[in-house]
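> This is the structure I have questions about; it appears just below.
The values are calculated or read from the model by the stated rules, or taken from the named source; none is laboratory data. These numbers were taken from a predicted model, which means no experiment stands behind them. Heads up, the Cβs are rebuilt from the backbone with ideal geometry, glycines too, and the neighbour counts pull from every protein chain shown. These area figures cover heavy atoms from the full protein model, side chains too; ligands, DNA and RNA do not enter into them. Shrake-Rupley method; radii C 1.70, N 1.55, O 1.52, S 1.80 Å.
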Amino acid sequence: MVVATASGGKAVAAALGGLRRGGVVISLGATDEPIELSAFELLFKGVGVEGALTGTPSAGDATLKFSALSDVAAMVETMPLERAAEAYAKMLSGQARFRMVLTMA
C-alpha cells in the first residue's frame, strides 16, 4: 500500500510502479489532473487506486492505530526552525526528501 499525499495524477500514477501484485495506492486529496495507468497494471499486476478524504477525528484515530499496529512511520527530512526559509525553498524546488519537518531545540 502507498498512501499518496501529493495526489496529483502524475504522482499517483508514478506510485503504482512501486507496488507489488495486489497493491493499492490510496490518493488523499484531489486535483483535476487525471491519473493515467495502463490496463496491464490493473489486469495482470492486480494493482488498484482508491481515494479517501481525510480530516475527521475518527479517520485520524484509525490512521494512528494502523501506524502503530503495522510499525509504519512517516519518512521525513528535518531542519531547525531557524532555517525555515531554506526548508521551504527546498520543498518548492522539489529537492526535499519526502516531507520537510521543522524542529525546535
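> What lysines could a cross-link reach from LYS90, if we take a straight Cα to Cα line under 24 Å and drop same-chain neighbours fewer than 8 places away?
Excluding near neighbours in sequence, the set is LYS10.
> Could you grab the relative contact order for the chain? Cα pairs under 8 Å, six or more apart, rounded to a whole percent.
RCO, the chain: 20 percent.
> While we're here: Tabulate in residue order the Karplus-calculated ³J(HN,Hα) for segment 59-66, using 6.51 cos²θ - 1.76 cosθ + 1.60 with θ = phi - 60°, rounded to whole Hz; enter x for Gly and Pro.
Using θ = phi - 60°, the values come out as 5, x, 5, 5, 5, 5, 5, 4 Hz.
> Counting other Cβ atoms within 10 Å, keep those with at most 13, restrict to DSSP loop, and tell me which GluC sites (Glu not before Pro) in segment 1-78 are left.
Hits after loop and neighbour filter: GLU36.
> Is the C-alpha gyration tensor of segment 1-62 telling us rounded, prolate or oblate? Criteria: a/c under 1.5 is rounded; beyond that, a/b larger than b/c is prolate, otherwise oblate.
oblate
> Tell me which of ALA85, SER27, VAL72 sits at the most positive position along the dipole axis of the chain, charges placed on C-beta atoms (Lys, Arg +1; Asp, Glu -1).
It is VAL72, whose Cα lies furthest towards the positive end.
> Mind listing the long-range amide H neighbours of GLY51? Cut-off is under 5 Å, sequence gap 5 or more, other chains count too, H placed in the peptide plane at 1.01 Å from N.
When sequence neighbours closer than 5 places are left aside, the close amide H contacts are SER27.
> Can you give me the % of accessible surface on the chain that is carbon or sulfur? Probe 1.4 Å, all protein chains present, nothing else counted.
Answer for the chain is 61 percent, counting heavy atoms of protein chains only.
> Given the DSSP H assignment, sum -39500 (n - 2.57) over each helix run of at least 4 residues in the chain and divide by its residue total; what's the result at 222 nm in deg cm²/dmol, nearest 500?
Per the formula, -9000 deg cm²/dmol.
> Send over a whole-number figure in Å² for the accessible area per residue of the chain, probe 1.4 Å.
74 Å²
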